[in-house]
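Chemist: Provided herewith is a single structure, encoded as structure tokens, for subsequent inquiry.
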Amino acid sequence: MEDVPQDYSINGYADFDAGKQEEMDVYTQLLFDIFLPRIRSYFSNEWQVTNAATGIEIVSYWGRIIPDQVLENILDQLIVPKLYREVEQWAPRESTTLISSWLLPWLPLLTSKMTPLYPIIRQKVGTFLKVCHPAEAKNIIGPLYNTVFDQKTIDEMMVKRVVHKLMMLLRQFEINPRNQKTEAFMWVMEWHGLVPLHHFVTLLETEFFTKWLNVLHVWLSNNADYDEVTAWYLGWKNMFGRYDDIVKHDRIRAKFNLALEAMNQVVTGRIPSASLQNK
């Protein structure tokens, strides 16, 4: 484990030299002599980082009363070092509590003081993504988007670590109108909004719709019940309808239109094109 940065040392009053303390008024001096040691004892020995609400409640309450310099001392000397150590020890796969639930609530109070924590989290998440199942990682990464991860970083991570895993899930996914299980498909769709849209659309085109249209073609070519086919089509169309930017995307609309074209061919007594899935 890396040492806690010197600026975040949990011992002593690094920000306040003797000269500055001599200039403090009596009230501030009393806070440092009586109040701050008690606060230090609580946050050092009793407070659990995962109990963010209690820590924030205490700091926010006293923050309205104590001078800014005392508040800054509490944040710099007590809160940030303890968060830093917890982040260093955080193991995404073993943790039973989402890091976002105990770290991000501090953002309004700590703002840029949290910045040194982000590279550690990014490194740990990147390592985790190498070995995890896609269903494990989404809940960890999603809440950290736009704080720990900027757009460029998240896009690169999705393409490098996630897209291939989603491709394999869809490649193994079975489309079966008689007994459709959608769990794996929904694992993939949960990454909507994190995987860049053009990559997501390409993934669906190549790994889902190719199979989907092929199943439809085979079904329509074997005296299918048109009402059943229509219900199947609408069920999938409604499922995609939850993702507005996908279902309205030109390339995805084209796939659904191909399906409608094939269904209309059956209604008019024609055999659906064998090359349907390749259009």
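Chemist: State, as an integer percentage, the relative contact order of the stretch 93-176 based on alpha-carbon contacts under 8 Å between residues 6 or more apart.
Modeler: 34
Chemist: So, in Å, what gap is there between the alpha-carbon centers of the stretch 26-92 and the stretch 177-234?
Modeler: That distance is 52 Å.
Chemist: Can you tell me the mean projection area, over all orientations, of the convex hull of the chain's alpha carbons? Units nm², please.
Modeler: Hull-based average projected area comes out at 18.7 nm².
Chemist: Okay, next question. Do any GluC sites (Glu not before Pro) in the stretch 80-123 lie in a DSSP loop with no more than 14 other beta carbon atoms within 10 Å, and if so, which?
Modeler: Passing both the DSSP loop test and the Cβ count: GLU94.
Chemist: To the nearest 20 Debye, how big is the dipole of the chain about its Cα centre, given +1 on the beta carbon of each Lys and Arg and -1 on that of each Asp and Glu?
Modeler: Here the size comes out at about 1600 debye.
Chemist: Relative contact order (percent) for the stretch 165-279, with alpha-carbon contacts under 8 angstrom and 6 or more residues of separation?
Modeler: Working: 73 pairs, mean separation 33.9, N = 115.
Relative contact order for the stretch 165-279 comes out at 30 percent.
Chemist: When the Cα atoms of the stretch 134-279 are enclosed in a convex hull and the volume is divided per residue, what value in Å³ results? The partial results should precede the final answer.
Modeler: Values: hull volume 15.6 nm³, N = 146.
Taking only Cα atoms, the stretch 134-279 has a hull volume of 107 Å³ per residue.
Chemist: Right, something else. Quick check for you: with a 1.4 Å probe and neighbouring chains kept, what is the accessible area per residue of the chain, in Å²?
Modeler: With the other protein chains kept in place, the chain gives 53 Å² per residue.
Chemist: Also, I was wondering about something else. To the nearest 10 square angstrom, how much accessible area does HIS199 have with a 1.4 angstrom probe?
Modeler: 60
Chemist: Label the stretch 194-238 by shape, choosing from rounded, prolate and oblate, from the square roots a ≥ b ≥ c of the eigenvalues of the Cα gyration tensor; if a/c is under 1.5 it is rounded, and otherwise prolate applies when a/b is larger than b/c, oblate when it is not.
Modeler: Oblate, because a/c is 1.5 or more while a/b does not exceed b/c.
Chemist: List the trypsin sites (Lys or Arg not before Pro) in the stretch 20-79 that DSSP assigns to loop (not H, G, I, E or B) and whose Cβ has at most 15 other Cβ atoms within 10 Å. Which are they?
Modeler: Sparse-neighbourhood loop trypsin sites (Lys or Arg not before Pro): ARG64.
Chemist: For the stretch 31-140, which whole percent of the accessible surface, found with a 1.4 angstrom probe, sits on carbon and sulfur atoms?
Modeler: Carbon plus sulfur share of accessible area: 52 percent.
Chemist: Normalised by the number of residues in the chain, what is the relative contact order in percent for Cα pairs under 8 Å and 6+ residues apart?
Modeler: Relative contact order comes out at 14 percent.
Chemist: Does the stretch 88-128 classify as rounded, prolate or oblate by the C-alpha gyration tensor (a ≥ b ≥ c root eigenvalues; a/c under 1.5 gives rounded; else a/b over b/c gives prolate, otherwise oblate)?
Modeler: Oblate shape, in that a/c is at least 1.5 and b/c is the bigger or equal ratio.
Chemist: Using just the helices of the chain, give the 222 nm mean residue ellipticity in deg cm²/dmol: DSSP H runs with n ≥ 4 each add -39,500 (n - 2.57), and the total is spread over all residues, rounded to 500. Spell out each step's value before the answer.
Modeler: Working: 18 runs with 157 residues, N = 279.
Helix-only estimate at 222 nm: -15500 deg cm²/dmol.
Chemist: Identify, among LEU216, ASN179, MET167, the residue whose Cα sits farthest towards the positive end of the charge dipole of the chain, taking +1 on the Cβ of Lys and Arg and -1 on the Cβ of Asp and Glu, with the dipole about the Cα centre.
Modeler: Toward the positive end, the furthest listed residue is LEU216.
Chemist: Placing +1 on the Cβ of each Lys and Arg and -1 on the Cβ of each Asp and Glu in the chain, which of ILE65, ALA262, PHE240 has its Cα farthest towards the positive end of the resulting dipole?
Modeler: Toward the positive end, the furthest listed residue is ALA262.
Chemist: Turning to a different aspect of this structure: Please go through the stretch 136-223 and write out the trypsin sites (Lys or Arg not before Pro) that DSSP classes as loop and that have at most 14 other C-beta atoms within 10 Å.
Modeler: ARG178, LYS181
Chemist: Would you work out what percent of the accessible area of the stretch 162-239, with all protein chains in place, is carbon or sulfur (probe 1.4 Å)?
Modeler: Accessible surface attributable to carbon and sulfur in the stretch 162-239 totals 53 percent.
The values are calculated or read from the model by the stated rules, or taken from the named source; none is laboratory data. Quick caveat: nothing in here was measured; it's all calculated off a predicted structure. Glycine also receives a Cβ, built like all others from the backbone with ideal geometry; neighbour counts cover every protein chain displayed. Calculation scope for accessible area: heavy atoms of the full protein, side chains included, ligands and nucleic acids excluded. Shrake-Rupley method; radii C 1.70, N 1.55, O 1.52, S 1.80 Å.
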